[in-house]
Structures are given as C-alpha cells and as structure tokens.
1. Just give me the residues in region B:104-113 being facing another protein chain (nearest Cβ under 10 Å) and in contact (Cβ under 8 Å) with a residue 60 or more places away in the chain, in sequence order.
2. What is the one condition in (1) in contact with a strand residue (DSSP E or B) (Cβ under 8 Å, 6 or more places away or on another chain); (2) within 10 Å of chain A (Cβ to nearest Cβ) that B:Asp62 does not satisfy?
3. Evaluate region B:82-98: report whether one residue or more is closer than 26 Å to A:Thr37 by Cα, among the β-branched types (Val, Ile, Thr) and open to solvent by 50 Å² or more (accessible area, probe 1.4 Å).
4. Out of all the residues in region A:88-104, is one or more open to solvent by 50 Å² or more (accessible area, probe 1.4 Å) and of a type in the set (Asp, Glu)?
5. Scan region A:46-70 for residues that are within 8 Å of chain B (Cβ to nearest Cβ), in a loop (DSSP other than H, G, I, E, B) and within 13 Å of A:Met95 (Cα to Cα) and jot them down.
6. Residues of region A:8-43 being open to solvent by 50 Å² or more (accessible area, probe 1.4 Å), hydroxyl-bearing (Ser, Thr, Tyr) and within 14 Å of chain B (Cβ to nearest Cβ), which ones?
7. Could you list all residues from region B:19-67 that are open to solvent by less than 30 Å² (accessible area, probe 1.4 Å), assigned to a strand (DSSP E or B), under 22 Å from A:Cys94 (Cβ atoms) and not basic (Lys, Arg)?
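The values are calculated or read from the model by the stated rules, or taken from the named source; none is laboratory data. Since the structure is predicted, the reported quantities are computational estimates derived from the model, not experimental observations. Ideal geometry is used to build each Cβ from the backbone, glycine not excepted, and the neighbour counts take in all protein chains shown. Accessible surface areas use protein heavy atoms only, side chains included; no ligands, DNA or RNA. Shrake-Rupley method; radii C 1.70, N 1.55, O 1.52, S 1.80 Å.
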Amino acid sequence: DIVMTQTPLSLSVTPGEPASFSCRSSQSLLDGDDGNTYLDWYLQKPGQSPQLLIFTASYRASDVPDRFSASGSGTDFTLRISRVEADDFGVYYCMQRLEFPYTFGQGTKLE
Amino acid sequence: ELQLLESGGDLVLPGGSLSLSCAASGFTFTNYAMTWVRQAPGRGLEWVSVITRNGDYKYYSDAVKGRLTISRDSSQNKLFLQMNSLTAEDTAIYYCARVSIEGAFDFWGQGTLVTVSS
C-alpha cells in the first residue's frame, strides 16, 4: 500500500498569516499512462464532513477560494493558504488515488 | 440541491452484521461512482470501498475485504454497505461520498455512526 505522511501534525497560525502543509507519498503518484498525479487535498472543519479542496495535485475544486493553492509532483506535495481566515481552521488531509487501496495521510490540524 | 443522506448506523455486538444506506439526490446518480470512507472516533480518515457507476467493479481496503460489501441500486438512487463479522476496529462514522468525473470525492454526506461493542 502507498503510505502517505503529512507534516506537521499541527500548525498554529494567526488569521491573516500564510500556512503551508506538506504531504509525502511512499511512491510516486504520477500515472505514467495519462501523465496525471493523483493526489487530492481535503479539509474537515470541526464537527463537519470532509470537503474537497484540491484534486489531481493542483486543481482547485468548485467554490474553493483562490487563497488555496497546491503544488508538487512525484512524491512531495504542498498545500498553501496565502492568508488564513477563520473559516479555514480544521484538519487537512491528503489522499492518493493512484492505486487501490486509496490511502489518506494522518492529517494536519490547523489551529 | 445535492444531498447524500446516510442511515443505518447503530450499536452492534462483535461478530454481528449491519447494513448502511446512502440516499442520493440532486444529481444523476448513475453518472457517478460512489465511495465509502470511515473515521474512527478521534482518528483520521480511512478509505473503505468504491463502486463504479454501473456497479460492475468494486474495490475494498484490505481491512474490510471479505467482510464488507458495497452495492448500489440505481432505481432507488441508493448506495449500500453490508457489514458482516464486525469487530471493535470497525467502530467509526461512515461517510458516503460522490466520486467526481476526475476521480476525487467531491461531495460527502454527514455520516452515520457504527459502534461495535459488547
């Protein structure tokens, strides 16, 4: 199975400041057949279901503010928030869907 | 309005069975693969299973393979998860989610709690 490792496990940020989350996979998430990198980012706000932020490594999902951006390739990925807002607090998860079983990172709590 | 409404969560004895449902509305159910993801109390997300649009293909995590079965009924716009031989490690909130055309989980239900305990 592909192991996903997120760092740090928690991140303390003041609203208005930037934030950065790291996700590393145990093997490359690049699909050699179609050239896509199958890494997604999710946010789970307190008491809520997860919501999709980023798909296929760098594409923002619908209605996701442009203060969220993501980059990375191969095994190293980063999610960035340019200026954290109060609504951004919660746990951020990365997930690989290159191969089954899909696997999530352990999450980074933004507080 | 998009909606996924899970039901069926309950307290069940170890070794018991349970069936979860997820009622979908607000989109064309047959156009989307569907998935189950679970979250043990105080823990992170764990992918469980996925089923293709027409139900022809199903995939499972190693932790549930052989005990949990995903299915769907397009006439009812419902997704199911039949859970057998349950153990305490299956205790979790179970979320159903829609799989987007790109393959990500773009819409999630509110979840249903399964507790396995004697």
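1. B:Phe105, B:Phe107, B:Trp108, B:Gly109, B:Gln110, B:Gly111
2. The one condition B:Asp62 does not meet is (1).
3. In the first step, residues of region B:82-98 are kept if they are closer than 26 Å to A:Thr37 by Cα; the result is B:95-98.
Checking which are among the β-branched types (Val, Ile, Thr) leaves us with none.
Taking every residue of region B:82-98 in turn, none turns out to be closer than 26 Å to A:Thr37 by Cα, among the β-branched types (Val, Ile, Thr) and open to solvent by 50 Å² or more (accessible area, probe 1.4 Å).
4. Looking through region A:88-104, at least one residue is open to solvent by 50 Å² or more (accessible area, probe 1.4 Å) and of a type in the set (Asp, Glu).
5. Taking region A:46-70 first, the residues within 8 Å of chain B (Cβ to nearest Cβ) are A:49-52, A:55-56, A:59, A:61-62.
Then drop every residue that is not in a loop (DSSP other than H, G, I, E, B), which leaves A:49, A:56, A:61-62.
Matches in region A:46-70: A:Thr56 only.
6. Matches in region A:8-43: A:Ser10 only.
7. Correct list: B:Ala33, B:Met34, B:Thr35, B:Trp36, B:Val37, B:Gln39, B:Leu45, B:Trp47, B:Val48, B:Ser49, B:Val50.
This table checks each residue for (1) more than 18 Å from A:Gln44 (Cα to Cα); (2) touching a Gly at 6+ places or on another chain (Cβ under 8 Å); (3) without any contact (Cβ under 8 Å) to a residue 60 or more places away in the chain.
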{"site": "B:Thr35", "(1), (2), (3)": "no, no, no"}
{"site": "B:Arg43", "(1), (2), (3)": "no, no, yes"}
{"site": "B:Tyr57", "(1), (2), (3)": "yes, no, yes"}
{"site": "B:Val64", "(1), (2), (3)": "yes, no, yes"}
{"site": "B:Ile70", "(1), (2), (3)": "yes, no, yes"}
